[in-house]
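The values are calculated or read from the model by the stated rules, or taken from the named source; none is laboratory data. Just so it is clear, the structure is predicted and the values come from calculations on it, not from any experiment. Glycine gets a Cβ as well: all are built from the backbone with ideal geometry, and neighbour counts include every protein chain shown.
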Protein chains: 4
Amino acid sequence: MIEKKKLRIINATNRVISRVGIAGTTMRKIADEAGLSTGALYHHYKSKEEILYDAMDRSLSVSTRMAQETKQGKYNREEAIEQIGKDLKKRFNKIDENRIQFYLAQEAILGNEEILRKFGDKYQSWIGHVEELLQRIYEKQPTRYNKALASLLIGSIDGIVMQVLLRGNTVDIDDICEVYNQLLLEGIPALLDQWTE
Amino acid sequence: MIEKKKLRIINATNRVISRVGIAGTTMRKIADEAGLSTGALYHHYKSKEEILYDAMDRSLSVSTRMAQETKQGKYNREEAIEQIGKDLKKRFNKIDENRIQFYLAQEAILGNEEILRKFGDKYQSWIGHVEELLQRIYEKQPTRYNKALASLLIGSIDGIVMQVLLRGNTVDIDDICEVYNQLLLEGIPALLDQWTE
Amino acid sequence: MIEKKKLRIINATNRVISRVGIAGTTMRKIADEAGLSTGALYHHYKSKEEILYDAMDRSLSVSTRMAQETKQGKYNREEAIEQIGKDLKKRFNKIDENRIQFYLAQEAILGNEEILRKFGDKYQSWIGHVEELLQRIYEKQPTRYNKALASLLIGSIDGIVMQVLLRGNTVDIDDICEVYNQLLLEGIPALLDQWTE
Amino acid sequence: MIEKKKLRIINATNRVISRVGIAGTTMRKIADEAGLSTGALYHHYKSKEEILYDAMDRSLSVSTRMAQETKQGKYNREEAIEQIGKDLKKRFNKIDENRIQFYLAQEAILGNEEILRKFGDKYQSWIGHVEELLQRIYEKQPTRYNKALASLLIGSIDGIVMQVLLRGNTVDIDDICEVYNQLLLEGIPALLDQWTE
DNA sequence: GATGAATGAGCTTTCATTCAT
DNA sequence: TATGAATGAAAGCTCATTCAT
């Protein structure tokens, strides 16, 4: 029961954050969005900080879970890459979630240790999954550059998300997915050949 | 003379922004950082908004200029790519500037039209330069995917910057530069071949 | 309930205004006078302007109503004039209300359109009532000068109020009422005769 | 020399006051209007209060002098009354001066003792002059009501000025002057007869 | 004398938090 | 539990006044 209320509050909080950012999020806006009074918020949470923390935690968990889904498939190389392309497009189109992730990153960079640690975990696990994926679909000997490659592949997704947020529809997402696809199909193998020769 | 004071204020503002973010930047903090009283700030600027705008404008100009420097070189492919690698490393190490860029991006995403437009201009010009570069060093027929490729190459830089900010020294910058290098040397050509056959 | 608080704030505001004028009225003074914190004022009103507006509106309504009461009587000439004399004296003695009216007039003259309009309405209605009264008690043909006469009779009240405020007890209110009385009994009829012959 | 600068400052001050009121008058506005720097004001005056005082003093002196001019004439009744009518019209049309007078009255009522005393002096002298005038042109025995009558005649002028300021061109000044004229020609004699019988 | 940058108190307003109901 | 009025610190900003030049 109490959990239901809490969920309502953090959902409201995330909607508010996506609209006005973390700094612009006030208790009154959260209360209004959740259909509660400001006082009621304090029955479920001790402070604004706790609410924000829970809301951010939830957002990060969702995005971490999404990142981990990459590995799920057990297809061959072409199928796997095709699947990645689809996931990618979905990711680029979740504007609201991307905005929130972006605000959270900000919060972390500003010195919120808790959130920073969560981001660290998320990237570490994500990079690990991508490393595995690389090894699985390219079947090459792992080298010391595999982690860096994974990091770069992930970074390019984040970077494109940033461009989509900043430039809106002047970014052609389909073309970018196609390039990403070709990169995985042709570019990466050429790269890997270089190191493993 | 008055410009000197303005510059002092702007520099102080950028230091404050890099420390506490744009939302956390108050007139009092700027005044303290600049060694002035709050009232004095209003001699040189009509409002906080103007100060922030000038400070952001300056940061963005610097980063836009940096982005444009990419094209300067008149080397052959290997030399050009080597140069890019060096620039990249420099870029990754400018932590403070990267933080500010990140805060500015947030400001833009939150609805600051002026800043958003500047980011749009910056990316457009940057992508243009990278497109030219691609054509110059690979000497292939341009295809409809060239812009997307440029966008992706730039995005991957932003994404890595984000990881550096979020994960600190768990990202091995040298390795990433090496991978980026190999990508340009081996990966991209393999990609371009695909489209121009 | 909430209206009760608003009334308390408005009353406090009017006390403050009567003490220090509109320009000297600060939120802190209002809050202190009402026994509240400054923040609490913003629960009931969105801004200082709204508080001042409500306070001024209330003062003006009261004075407008007072002005309109003149017509009520259904007496003969002597009784009506006697009644006017009594009303006059009461009006002169409401020092605080007169002060506030005076401050409001200044506010209007300084360019507060809303208040200016209300004053316009008040005078228009007041002059109309006096015109009717003149016609009723003197039973002469109305001439083009009736409106001007009404305006002058009203103006002389305002002017005396001003003198009372500025000169205090050096103005003998009883004598002035007596003169006003005689003016209505003997002076005005002689005037009207002049125009209707 | 120094007096010339002081004059420039108080003229500038009066222009500013007439535009934005006493409370809205700032040192910077005075300095700008006078074509000086704020610092320069302090070479001639020790404080804002002194400047305002001098400016107000000057305005009040001018208006007191104007009030005293009434007596100058040495005409018969009709000529004197005609002259009064002309003066009246001039007075009503000096909008800027009337505004300033009004603001000064405010200042006095708010507790500025110095200004209050000056107003007291002005009215006392003005009333005295009008009393003399009444006696001269009507040649009746003076009664205890003469002072009150003078006060009322002066008050009605102030009251009309107030209406002109508040209602602008909806007051027909010519009509009012005509009524005032008739009041002096026919109304006042009828009044005086009453008391001296 | 003259300048205008600098000061700092005090203004209106916002907002996390508390608490009587 | 729930409400929303109340608190008070801190924000952006204004302005009389001072003072180095």
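Side notes on the structure shown:
- Single unsatisfied condition, B:Arg65 versus (1) away from DNA strand E (no atom under 15 Å from the Cβ); (2) of a type outside the set (Val, Ile, Thr); (3) touching a residue at least 24 places away in the same chain (Cβ under 8 Å); (4) away from every other protein chain (no Cβ under 14 Å): (3)
- C:Arg99 meets the conditions (1) away from DNA strand F (no atom under 16 Å from the Cβ); (2) within 14 Å of another protein chain (Cβ to nearest Cβ); (3) basic (Lys, Arg); (4) more than 29 Å from C:Ala150 (Cβ to Cβ) in every case but one. The failed one is (4).
- Of all residues in the range C:26-49, those that are surrounded by 14 or more Cβ atoms within 10 Å (Cβ to Cβ) and within 17 Å of C:Ile115 (Cα to Cα) total 1.
- Which numbered condition D:Glu114 misses (of (1) under 24 Å from C:Gly21 (Cβ atoms); (2) in contact (Cβ under 8 Å) with a residue 60 or more places away in the chain; (3) within 10 Å of chain C (Cβ to nearest Cβ)): (3)
- Reported count of residues in the range D:134-193, each being more than 9 Å from every other protein chain (Cβ to nearest Cβ), more than 23 Å from C:Gln163 (Cβ to Cβ) and not charged (D, E, K, R), is 2.
- Test: residue in the range C:11-22 that is in contact with a helix residue (DSSP H, G or I) (Cβ under 6 Å, 6 or more places away or on another chain) and on the phi > 0 side of the Ramachandran plot: yes
- Count of the range C:12-53 residues which are within 14 Å of DNA strand F (Cβ to nearest atom) and under 18 Å from C:Glu97 (Cα atoms): 6
- Residue within the range A:43-57 that is away from chain B (no Cβ under 13 Å) and either among the basic types (Lys, Arg) or closer than 30 Å to A:Pro189 by Cα (or both) present: yes
- Residue match in the range C:10-19 (condition: over 30 Å from C:Ile173 (Cα atoms), among the aliphatic types (A, V, I, L, M) and not assigned by TED's automatic domain parsing to the domain that holds C:Leu116): yes
- Options C:Asn98, C:Asn112, C:Asn93; residue that is under 29 Å from D:Ile109 (Cα atoms) and within 16 Å of DNA strand E (Cβ to nearest atom): C:Asn112
- Scan of the range C:6-40 for residues that are of a type in the set (Gly, Ala, Ser), within 11 Å of DNA strand E (Cβ to nearest atom) and assigned to a helix (DSSP H, G or I), ordered by number: C:Ala31, C:Gly39, C:Ala40
- Tabulated pairs, the range B:170-197, first among the β-branched types (Val, Ile, Thr), second in a loop (DSSP other than H, G, I, E, B), C-beta under 6 angstrom, 6+ apart or interchain: B:Val179/A:Tyr145; B:Thr196/B:Lys140; B:Thr196/B:Gln141
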